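First the structure, in the form of structure tokens, and then the observations on it.
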Amino acid sequence: MGTVLDSVGKLIAAYLSKEVPGYEPFTPSDPEHLRGVIAPGDVLLVEGNNRISGIIKYLTQSTWSHAALYVGPIEGAEEPNGEPHVLIEANIGEGVTSAPLSKYFPYHTRLCRPVGLSYEDRTTVCRYAINRIGFGYDTKNIVDLMRYLFPLPIPQRWRRRMIAIGSGDPTKIICSALIAQAFDAVRYPILPKITKAGSRAARREILHIRDSSLYMPRDFDISPYFEVVKPTIVNGFDYTALHWADKQKPLEEVAGTFSVFPETLRAPPLVPEAIDEETPTEISEEVSAQASVVFSEHFVLLSELAVYRAQTRELAA
């Protein structure tokens, strides 16, 4: 019976993991900026484009359907082209695996960083996740998988429970639960429940760690203890350097000749400068000829303007 349930579960998992064609992220990540900013302990949220991603986004009312933990290069894990695996994630049908950062370059992503986490605790969080590589997803529990096949209208108060339903096996975990357990190992909060207690004289808040199965990818985004890091603006952002399709920037040779900003005009002095009568002013014949031409052109333009005004007056009369 267990083999039959496992086979059926694998078929459902394969169906849910199939990508939906035609996906195009609204704002894809910048690979170079992301690679230069991300650090161990950061949580990478992914929009996702497979069937289960759409259902999770509906149940969570969020853009994010998947989460992965950045742990840095993992020894012995790399792609055929030599790119190291730096992410730990839990996928339906696969379980806990490692992946390269380039896997999510084509997707809309968000980087969430735990604030104030010490180096020792950061290392513990990463080591906790690495040690879970190989943990599987419980495909024998058909209830866990079939609940994603029927995206019926569900009351908001039940949606989180729809994500959290599971067999209770600690070795069968989903993406957000894995990361939540890693941070729970160092008692770092994500979205703790707050209970107010006390008397008239004083009040205090008690933090209760939620069950890891209740966490969703969006919780790292809205958590007050995680900083949203945007790679495109961390190292400086210059909006004037952007290239807009509807407004072409001038070419370098044109911009060099005709500056976008006019040169500063020098105001005349308030007191006329003294004329040196001893030094004669010499005007070359070429300059004199040019001045005559300019004067003649201005005279012609003034004459034409006078004629135009006279004609206008006659028509008006």
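All of the numbers you see were taken from the coordinates with simple rules; none came from a lab. Every value quoted in this text rests on a predicted model; they were computed, and no experiment measured them. Reconstructed Cβ throughout: ideal geometry from the backbone, glycine too, with neighbour counts over all protein chains shown.
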Problem set entry | Virtual spin-label span in nm between Ile222 and Ala14, 7 Å along Cα→Cβ | 3.7
Exercise. Across the stretch 103-119, in residue order, what do the Karplus-derived ³J(HN,Hα) couplings come to in whole Hz, using 6.51 cos²θ - 1.76 cosθ + 1.60 with θ = phi - 60° and x for Gly and Pro?
Worked result: 4, 10, 4, x, 9, 6, 10, 9, 9, 10, 10, x, 8, x, 6, 5, 4
Exercise. If you count, for each residue, the other Cβ atoms within 10 Å and average over each peptide, how do 226-235, 43-52 line up from highest to lowest?
Worked result: 43-52, 226-235
For this session: Collect residues whose amide H, placed 1.01 Å from N in the peptide plane, falls under 5 Å from the amide H of Ser29; neighbours closer than 5 in sequence don't count.
Result: Tyr107, Thr109
For this session: Quick one: which residues, 5 or more positions from Ile74 or on another chain, have an amide H under 5 Å from its amide H? H modelled 1.01 Å from N in the peptide plane, none for Pro or chain starts.
Result: His85
Exercise. By the gyration tensor of its Cα atoms, with a ≥ b ≥ c the square roots of the eigenvalues, what is the shape of the stretch 42-105: rounded for a/c under 1.5, prolate for a/b over b/c, or oblate?
Worked result: prolate
Exercise. Between Leu301 and Glu83, what is the label-to-label distance in nm when each label sits 7 Å out along the Cα-to-Cβ direction?
Worked result: 6.2
Seminar exercise, completed: Too long for a 26 Å Cα-Cα cut-off, among Lys18/Lys193; Lys57/Lys103; Lys57/Lys193, are Lys18/Lys193
